[in-house]
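A short write-up of the structure that comes next.
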Amino acid sequence: MSLLFIQYWDVIEGREDEYAGFINNTYLPAIGTLGFVPVGGYYVEIGFGPRSIAVFSAESLDEISRIITGRDFRDLALKLRKYVTNFNSTVLEPQGTVKAGKYPVQKSVWKFNQYYNLKPEVKEAYESFFTDEYLPEMEKIPYLTVTNCWNVVLGGFCDIILEFTFKDPEDIGRLVKNIEFQKITTRLKKKFITNYTNRIQKSTQWFREPQWFTH
């Protein structure tokens with residue numbers, strides 16, 4: 001199963017053109033040679049920032065550690081910081097509750113991601129509820145894909161990220177108004193989790209195009 005290495009940032013005002021050229025001509029080609037596979041780029045439409053998100057996949061924590069502790073990656077990240085602010089990163093590992101193989105490249109999609117922490121001493125009860133009730137209820141909804149449920153193993157601000165994928169942004173609105181989604185998410189919040197938040201992300205144009213990571 002793929003792990004994700006995610007970087008977040010805001011583009012410095014006035015440096016958008018230089019930034020776009022650097023991302024497409026230097027950053028992405030170079031980071032690919034280090035071993036990361038670019039699988040998605042997003043702009044946060046609704047929710048907390050930073051606004052720009054780059055997602056890369058890797059096969060193991062050892063591989064991620066090898067790449068991000070290497071001099072080439074550090075030099076590349078320092079060059080990127082000339083063009084961005086509010087820079088940070090996180091590593092996600094599949095929780096194992098969602099059946100998923102290699103993480104696919106994400107093009108022309110929208111994300112409704114949910115972020116939360118587990119309450120103390122509810123891990124087993126949460127896993128049972130999530131696997132036996134929550135996931136089956138979400139899988140009944142034809143216009144969404146439960147892409148994965150991730151444990152945050154490095155960086156970030158929460159324990160878990162639940163990733164939903166949509167082809168049409170209007171379907172996110174349909175989900176939020178869905179009575180069954182409201183009921184079961186209320187149960188999730190009341191019994192098992194704290195510090196819940198979410199955001200809506202729009203995939204940007206493909207990596208080789210000049211507008212990647214720009215709104």
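Considering (1) outside any strand (DSSP E or B); (2) within 17 Å of Ile161 (Cβ to Cβ), the lone condition that Val55 does not fulfil carries the number (1). For segment 33-52, a residue qualifies if it is assigned to a strand (DSSP E or B) and either out of contact with any Lys or Arg (no Cβ under 9 Å at 6 or more places or on another chain) or not small (Gly, Ala, Ser) (or both), and the qualifying residues are Val37, Pro38, Val39, Gly41, Tyr42, Tyr43, Val44, Glu45, Ile46, Ser52.
Inside segment 1-27, residues that are out of contact with any strand residue (DSSP E or B) (no Cβ under 6 Å at 6 or more places or on another chain) and either at pLDDT below 95 or part of a helix (DSSP H, G or I) (or both) make up a count of 11.
Listed conditions (1) in a helix (DSSP H, G or I); (2) touching a strand residue (DSSP E or B) at 6+ places or on another chain (Cβ under 8 Å); (3) buried (at least 16 other Cβ atoms within 10 Å of the Cβ) are all met by Lys189, apart from (3). Please find, within segment 137-154, the residue that is modelled with the highest pLDDT out of those that are closer than 18 Å to Pro94 by Cβ and part of a helix (DSSP H, G or I). That would be Met138. Looking at Tyr116, Tyr134, which one is closer than 26 Å to Lys202 by Cβ, touching a Cys at 6+ places or on another chain (Cβ under 7 Å) and not in a loop (DSSP other than H, G, I, E, B)? None of the others qualify; the one that does is Tyr116. Taking (1) surrounded by 17 or more Cβ atoms within 10 Å (Cβ to Cβ); (2) out of contact with any Leu (no Cβ under 7 Å at 6 or more places or on another chain) in turn, Ala77 satisfies each apart from (1). Criterion first (among the hydrophobic types (A, V, I, L, M, F, W, C), under 20 Å from the mean Cα position of the chain (by Cα) and either surrounded by fewer than 21 Cβ atoms within 10 Å (Cβ to Cβ) or over 18 Å from Arg81 (Cα atoms) (or both)) does Leu34 satisfy it? No; evaluated as a whole, the condition is false for this residue. The numbered conditions (1) outside any strand (DSSP E or B); (2) touching a residue at least 24 places away in the same chain (Cβ under 8 Å); (3) more than 17 Å from Lys79 (Cβ to Cβ) are all true for Ala30 except (3).
Per-residue answers, yes or no, for (1) closer than 21 Å to Gly41 by Cβ; (2) surrounded by 15 or more Cβ atoms within 10 Å (Cβ to Cβ); (3) touching a Ser or Thr at 6+ places or on another chain (Cβ under 9 Å):
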{"site": "Val98", "(1), (2), (3)": "no, yes, yes"}
{"site": "Tyr115", "(1), (2), (3)": "yes, yes, yes"}
{"site": "Pro136", "(1), (2), (3)": "no, no, no"}
{"site": "Thr147", "(1), (2), (3)": "yes, yes, yes"}
{"site": "Ile161", "(1), (2), (3)": "yes, yes, yes"}
{"site": "Phe164", "(1), (2), (3)": "yes, yes, yes"}
{"site": "Asp168", "(1), (2), (3)": "yes, no, no"}
{"site": "Ile179", "(1), (2), (3)": "no, no, no"}
{"site": "Asn198", "(1), (2), (3)": "yes, yes, no"}
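The requirement of being among the basic types (Lys, Arg), within 20 Å of Ser203 (Cα to Cα) and buried (at least 19 other Cβ atoms within 10 Å of the Cβ) is satisfied by Lys111.
The values are calculated or read from the model by the stated rules, or taken from the named source; none is laboratory data. These numbers were taken from a predicted model, which means no experiment stands behind them. Ideal geometry is used to build each Cβ from the backbone, glycine not excepted, and the neighbour counts take in all protein chains shown.
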